[in-house]
Amino acid sequence: MEWDLSDLYRGPEDPGLERDLTEALHLAHSLDPKDLLDPIRAEDLFRRYEEALEKAYKPLNYASLYFATRTQDPVAKALLDRVRNRYTEVRNRLVPLEVALRKIPEEAFQALLGHLGLADLRHFLQRQRAYAPHTLSEREEELLNLKGLVGRSAWSQFYTEYTGRFRFRVGERELTEMEVRALRRDPDPQVRREAHRELYGRLMAEAPTLSAVFNAVYLDYLQDLRLKNFQHPLEPVALRDEVEVKDIEALLEATQAHYPLVEAYYRWKARRLGLEKTPSPDLLAPLAKEKPRVPFEEAKDLVLTAFRHFSPKLEGIAREFFEKRWIDVYPRPGKRGGAFCSGGLPSTHPYILLNHTDDLDAAHTLAHELGHGVHFHLARKQRLLNFGASTPLAETASVFAEILLDDLLLEKLSGEERTLLLAERVEDAINTLFRQVMYTFFERRSLEARREAALSPEAFHGIWQEEQGRLYGEAVEWTELDQAAWAGIPHFVHYRFYTYSYALGYLVVLALYGKYQEEGEALVPKYLGILEAGESQSPKEILAQAGVDLASEAFFRYGFGVLESWLKALP
């Protein structure tokens with residue numbers, strides 16, 4: 001199944017695409033920041049502001065999706081480049097309004113907050129105000145947007161195009177990156193070792209080029225920190241996510257304190273494999289003698305059934321993705337690796353990109369991305385300025401969906417099969433929680449080192465090796481090639497410190513899952529309310545409605561307690 005993008009535009013030459021960009025720019029030019037001083041005029045101002053954003057973003061959304069399945073196509077590249085430039089032009093025309101909103105006199109700002117016609121934008125207004133100390137002049141903000149075109153955005157696109165060309169030979173087959181990564185879960189140890197050598201050998205060989213990309217995007221971020229007067233590298237992330245830097249630090253410290261759970265698991269896995277230590281090519285090795293084959297249609301049925309057991313409404317929304325071809329399923333040359341859900345706009349709908357490889361891991365990926373899709377679909381009830389999912393909640397629906405799938409599978413299994421699935425659940429926790437925190441430590445250390453000078457590939461290797469060693473202790477036997485794994489993690493290029501949110505989201509999910517076990521169906525409307533809320537309130541306010549307190553010690557204690565119980569359940 002390939003996705004159908006015609007709900008956005010008929011194709012790259014669709015005149016509606018250029019028309020929307022032109023209208024967006026016209027709307028952006030018409031916005032007068034002085035209207036912020038009159039709450040009644042501000043109502044119409046924000047409506048037109050949203051319309052400008054929508055008409056600018058829709059072409060960018062289409063161009064990005066079109067490029068994602070055609071990374072080597074000159075037409076797709078040219079379209080994305082042209083639309084990205086036009087989008088930036090619109091964004092620059094919106095800068096005066098955004099700067100004015102963040103810097104208007106306190107009395108005028110309070111008048112906006114108190115105006116009944118803007119009541120549904122109260123949280124948006126407060127978020128914008130929080131950026132005031134880090135907002136530059138109009139011209140400086142415009143220049144930063146322009147810098148982004150030849151800075152982080154350009155390097156991000158280069159990384160996607162460059163790594164999208166990688167091909168790997170395992171046996172007689174030429175594979176994409178996602179296909180060779182899937183072989184790291186193959187039941188045949190020889191296949192796993194060959195896939196491991198191919199993948200990490202290529203990353204090691206490409207490290208000089210990819211380290212240049214990392215150095216460039218890190219320097220771009222460091223420049224932004226200095227120009228915008230941020231004192232801590234996590235401060236922009238905390239501001240964006242509406243948490244405190246200390247909240248992120250607490251998450252990192254609490255997770256690091258539980259690193260011994262990871263070492264304990266891989267010692268258990270080594271014993272199951274009949275070894276003293278787990279070899280790194282076997283980190284993802286299945287413990288079953290045969291790798292379970294899960295074709296896409298079977299994965300689809302399993303995920304929809306799991307959703308239906310929780311909420312028929314959830315299943316109904318998820319089914320639309322298949323019936324209306326909002327999903328692109330299989331890997332093919334030129335298609336971007338990995339998987340993602342593009343949330344779209346309240347007036348459109350989400351799209352999902354997969355690289356399905358007919359195994360249980362791919363079924364979990366389908367559940368994960370459909371969780372995102374349902375989240376964005378439900379959030380469409382919000383207006384554009386309240387649409388989306390703040391980062392602490394961004395992974396909530398996706399990880400919750402994976403646990404629902406596991407619960408369905410556990411119901412069907414007993415004995416050895418149940419043990420194997422429990423082990424899979426522990427490994428998923430390691431990869432979603434612990435490894436993401438390890439990534440955050442690596443990113444923070446390498447970013448700080450970049451302040452002094454550009455990092456060599458060997459410097460990146462060294463930091464990665466140390467952080468990996470801290471996580472796994474003495475339970476894993478590493479190869480020389482493993483130290484290049486950092487180069488194959490696109491989050492380090494596309495975003496700053498995003499990986500911590502997977503860990504936070506996983507702990508949020510464990511808290512909500514615990515509530516579900518306690519309350520049963522009574523939690524379902526609360527959970528759907530969390531997804532429907534979008535960004536209309538802060539993450540802490542949204543979660544409080546379901547009885548989850550992000551700032552409490554109990555939040556961490558409960559989550560890690562669940563993980564410990566899973567580990568203890570392994571024989």
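Scanning the range 561-571 for residues that are assigned to a loop (DSSP other than H, G, I, E, B) and loosely packed, with under 14 Cβ neighbours inside 10 Å yields A569, P571. Could you give every pair whose Cβ atoms fall below 6 Å, whose first residue belongs to the range 84-108 and is within 15 Å of L45 (Cβ to Cβ) and among the small types (G, A, S), and whose second residue is open to solvent by 60 Å² or more (accessible area, probe 1.4 Å) and in a helix (DSSP H, G or I), counting only separations of at least 6 or pairs across chains? Matching pairs, first to second residue: A108/L37. Checked against (1) in a helix (DSSP H, G or I); (2) over 23 Å from the mean Cα position of the chain (by Cα); (3) of a type in the set (K, R), R181 passes all but a single condition, namely (2). Considering the range 431-488, the residues that are without any contact (Cβ under 8 Å) to a residue 40 or more places away in the chain and under 18 Å from the mean Cα position of the chain (by Cα) include one that is surrounded by the fewest Cβ atoms within 10 Å (Cβ to Cβ), namely N431. Kindly list, by first and then second residue, each pair from a residue in the range 522-540 that is among the aliphatic types (A, V, I, L, M) to a residue that is open to solvent by 20 Å² or more (accessible area, probe 1.4 Å), limited to pairs with Cβ atoms under 7 Å and residues at least 6 apart or on different chains. Filtered contacts from the range 522-540: L523/K515; L523/Y516; L528/K313. Of everything in the range 71-99 that is outside any helix (DSSP H, G or I) and surrounded by fewer than 18 Cβ atoms within 10 Å (Cβ to Cβ), the residue that is farthest from the chain's Cα centre (by Cα) is D73. If you go through the range 375-390 and keep only what is assigned to a helix (DSSP H, G or I) and among the polar types (S, T, N, Q), you end up with just N386.
Pairing residues of the range 379-395 that are open to solvent by 20 Å² or more (accessible area, probe 1.4 Å) with residues that are in a loop (DSSP other than H, G, I, E, B) and hydroxyl-bearing (S, T, Y), at Cβ distances under 7 Å and at least 6 apart in sequence or on separate chains, gives Q382/S536. Scanning for something over 15 Å from L203 (Cβ atoms), in a helix (DSSP H, G or I), touching a helix residue (DSSP H, G or I) at 6+ places or on another chain (Cβ under 6 Å) and modelled with pLDDT of 90 or more, does the range 149-157 turn up at least one residue? Yes, that holds for at least one residue. When you check V524 against the structure, is it at pLDDT 95 or above, aliphatic (A, V, I, L, M) and not in a loop (DSSP other than H, G, I, E, B), yes or no? Judged against the criteria, V524 is a match. When residues of the range 489-521 are filtered for being farther than 30 Å from E161 by Cα, surrounded by 18 or more Cβ atoms within 10 Å (Cβ to Cβ) and among the small types (G, A, S), how many remain? Residues that pass the stated criteria total 1. Checking each residue in the range 533-560 for being open to solvent by 40 Å² or more (accessible area, probe 1.4 Å) and either assigned to a helix (DSSP H, G or I) or in contact with a Pro (Cβ under 8 Å, 6 or more places away or on another chain) (or both) picks out K540, E541, A544, E553, A554, R557, Y558. Kindly indicate the residue of the range 114-127 that is open to solvent by 30 Å² or more (accessible area, probe 1.4 Å) and part of a helix (DSSP H, G or I) and also modelled with the lowest pLDDT among those meeting that condition. Among those that are open to solvent by 30 Å² or more (accessible area, probe 1.4 Å) and part of a helix (DSSP H, G or I), it is R127.
Would you confirm, using the coordinates I've provided, whether S347 is out of contact with any Asp or Glu (no Cβ under 8 Å at 6 or more places or on another chain) and among the hydroxyl-bearing types (S, T, Y)? Against the criterion (out of contact with any Asp or Glu (no Cβ under 8 Å at 6 or more places or on another chain) and among the hydroxyl-bearing types (S, T, Y)), S347 does not qualify. Of all residues in the range 345-367, none satisfies being closer than 15 Å to N61 by Cβ, part of a helix (DSSP H, G or I) and under 15 Å from the mean Cα position of the chain (by Cα).
The residues listed here are A100, A132, A154; of these, the one that is among the aliphatic types (A, V, I, L, M) and under 26 Å from R332 (Cβ atoms) is A154.
Under 7 Å by Cβ, and 6 or more places apart or on different chains, what pairs join a residue from the range 22-38 that is without any contact (Cβ under 8 Å) to a residue 60 or more places away in the chain and assigned to a helix (DSSP H, G or I) with one that is open to solvent by 50 Å² or more (accessible area, probe 1.4 Å) and basic (K, R)? As it stands, the answer is D35/R41, since those pairs meet every condition given.
The values are calculated or read from the model by the stated rules, or taken from the named source; none is laboratory data. Treat the numbers as computed from the prediction; the structure is a model and nothing was measured. Cβ atoms come from the backbone with ideal geometry, glycine included; neighbour counts cover every protein chain shown. For the accessible areas, the whole protein counts, side chains as well, though only heavy atoms, and no ligand, DNA or RNA atoms are used. Shrake-Rupley method; radii C 1.70, N 1.55, O 1.52, S 1.80 Å.
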